[in-house]
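Worksheet: one structure, shown below.
The values are calculated or read from the model by the stated rules, or taken from the named source; none is laboratory data. In this text, all values refer to a predicted model and were calculated from it rather than measured experimentally. Virtual Cβ from ideal backbone geometry, glycine too; neighbours counted across all protein chains shown. Remember, those area values only see protein heavy atoms, side chains included, never the ligands or the DNA or RNA. Shrake-Rupley method; radii C 1.70, N 1.55, O 1.52, S 1.80 Å.
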Amino acid sequence: MTIALSARRAADALRVVGSGERIQGAVASIDALSVEVTGLSGFVAVGSRLTLASPEGEVPAEVVAISPKAARAVAFAPLDGIRLGAPVALAGTATLSPGPGWLGRVVDPLGRPVDGKGPLPPGPVALPVRVKAPEAALRARLGPRLDLGVRALDGFCTMRRGQRLGLFAASGVGKSTLMSMLARGADCDAAVICLVGERGRELREFIEDDLGEEGLARSVVVCATSDAPAPMRREAAFAAMTIAESLAREGKHVLLMMDSVTRFALACREIGLAAGEVPATRGYTPGVFAELPRLLERAGPCLENQGGHITGLFTVLVEGDDHDEPVADAVRGILDGHVVLDRKIGERGRWPAIDVLRSLSRTVPGCLTEAERPVVLRARTLLSIAAEMADLVRLGAYRAGTDPAVDEALRLAPRIEQFLAQRKDEPRIGVDAAFTRLAEAMR
């Protein structure tokens with residue numbers, strides 16, 4: 001049974017209802033991003049899910065702020081058609097029921113299929129979307145080094161299972177293409193790909209052209225396009241993390257890729273402003289910088305002997321190539337390394353456009369052999385010298401034979417650059433073979 005309430009008397013008429021009944025309030029005010037609901041005081045908390053009645057059906061929403069008289073909620077769909085006094089029902093907390101049958105599928109942040117392949121088979125249990133990160137003292141150590149299938153990353157930013165790495169780049173520098181190479185070539189049991197705020201027309205292109213049938217078969221794609229409301233864009237990240245955790249509990253090594261954390265932060269900012277937060281750093285609300293670690297810390301090693309690792313690759317959209325903007329700076333401090341994609345490298349025709357001199361993996365000292373360390377160090381040194389002398393060489397101010405180290409760098413740097421270049425359809429060679437080929441390039 002549903003208890004009907006008016007907006008004026010919602011708070012007075014609300015009563016505790018029994019089994020099978022719904023706790024219900026009413027819409028008291030509406031603005032562009034949120035609604036104010038009365039009649040639910042004492043029954044809701046921040047994060048509680050609601051359903052708003054509209055002529056098109058029920059619209060899911062989430063409570064983001066509570067005052068003594070009302071609760072403020074943001075909706076997961078446009079507010080068109082919702083009127084003052086419209087019934088609002090308490091719907092509990094957000095859960096998903098992912099399982100192995102979700103592999104090869106494309107879903108929205110609420111766990112609904114969007115690929116036209118029919119309903120999704122539910123997993124064994126319903127998992128809450130918002131949970132704490134595993135206890136730090138009980139987590140396993142990082143696993144063995146991981147073959148990513150991209151030579152530039154395998155050779156210069158070697159990763160280990162359970163590591164979290166950031167891909168920092170401006171728009172149009174090849175982040176999506178690099179993600180597709182990783183989804184197809186990385187040594188993992190399953191991949192979860194989260195697309196936050198992507199262009200709608202690019203979804204099918206990414207799935208069919210970049211990811212391909214082979215990559216999609218072992219992946220779950222969670223997508224919230226740029227026209228989706230801010231709660232949907234934020235929820236995409238938490239839903240993808242929940243799906244990755246579900247697969248990891250089955251003992252799978254999961255590669256989680258998210259594009260991008262910046263758009264997740266922008267969605268959190270919109271929601272924070274709607275909740276009444278005061279903008280602080282460059283317009284970002286304080287809640288944004290609280291949500292980032294809550295999300296990112298959930299990836300990584302599992303609890304000791306309790307499943308597989310979640311290796312995370314998170315892209316960060318740096319506007320105007322400003323790598324010190326607030327979101328990039330915060331994410332870089334949380335993750336275990338960063339990879340920088342440089343537009344100038346791409347303009348020279350070398351893809352993926354990874355600037356290996358500005359990229360860093362914090363686990364490299366623990367995952368290279370004694371024979372591999374001097375190879376990588378020498379390659380970095382040669383590239384650094386060649387970059388420093390590039391302007392002098394173009395101007396004709398450097399004469400060959402003046403400095404043997406410079407001569408060697410100018411001779412070998414093009415061969416290292418050739419090693420770093422890789423077509424997206426080029427077969428992977430493995431991380432061990434990558435170091436062998438890098439050493440051969442410098443002979």
Within region 407-432, restricting to residues that are among the acidic types (D, E) and not in a helix (DSSP H, G or I), the one that is farthest from E372 (Cα to Cα) is D425
Reported set for region 80-109 where residues are hydrophobic (A, V, I, L, M, F, W, C), open to solvent by 40 Å² or more (accessible area, probe 1.4 Å) and within 15 Å of A240 (Cα to Cα) is L103
How many of the residues making up region 200-231 are in contact with a Phe, Trp or Tyr (Cβ under 7 Å, 6 or more places away or on another chain) and open to solvent by less than 20 Å² (accessible area, probe 1.4 Å)?
2
Can you find even one residue in region 219-229 that is over 17 Å from the mean Cα position of the chain (by Cα) and touching a residue at least 40 places away in the same chain (Cβ under 8 Å)?
yes
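Wholly within region 160-219, which helices (runs of 4 or more DSSP H) include no fewer than the required count, namely at least 3 residues that are among the aliphatic types (A, V, I, L, M)?
Here the list reads 175-185.
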Complete set of residues in region 376-396 that are open to solvent by less than 30 Å² (accessible area, probe 1.4 Å) and under 16 Å from T158 (Cβ atoms):
V376, A379
Test result for G118, in the same structural domain as G308 (by the TED database), within 23 Å of the chain's Cα centre (by Cα), farther than 18 Å from A299 by Cα and open to solvent by less than 50 Å² (accessible area, probe 1.4 Å)
no
For the structure I just gave you, tell me whether F156 is at pLDDT below 95 and not acidic (D, E).
no
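Here is a yes/no grid of residues against (1) touching a Leu at 6+ places or on another chain (Cβ under 6 Å); (2) open to solvent by 40 Å² or more (accessible area, probe 1.4 Å); (3) not assigned by the TED database to the domain that holds P301:
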site: V327; (1), (2), (3): no, no, no
site: G337; (1), (2), (3): yes, no, no
site: R343; (1), (2), (3): no, yes, no
site: E347; (1), (2), (3): no, yes, no
site: P352; (1), (2), (3): yes, no, no
site: D355; (1), (2), (3): no, no, no
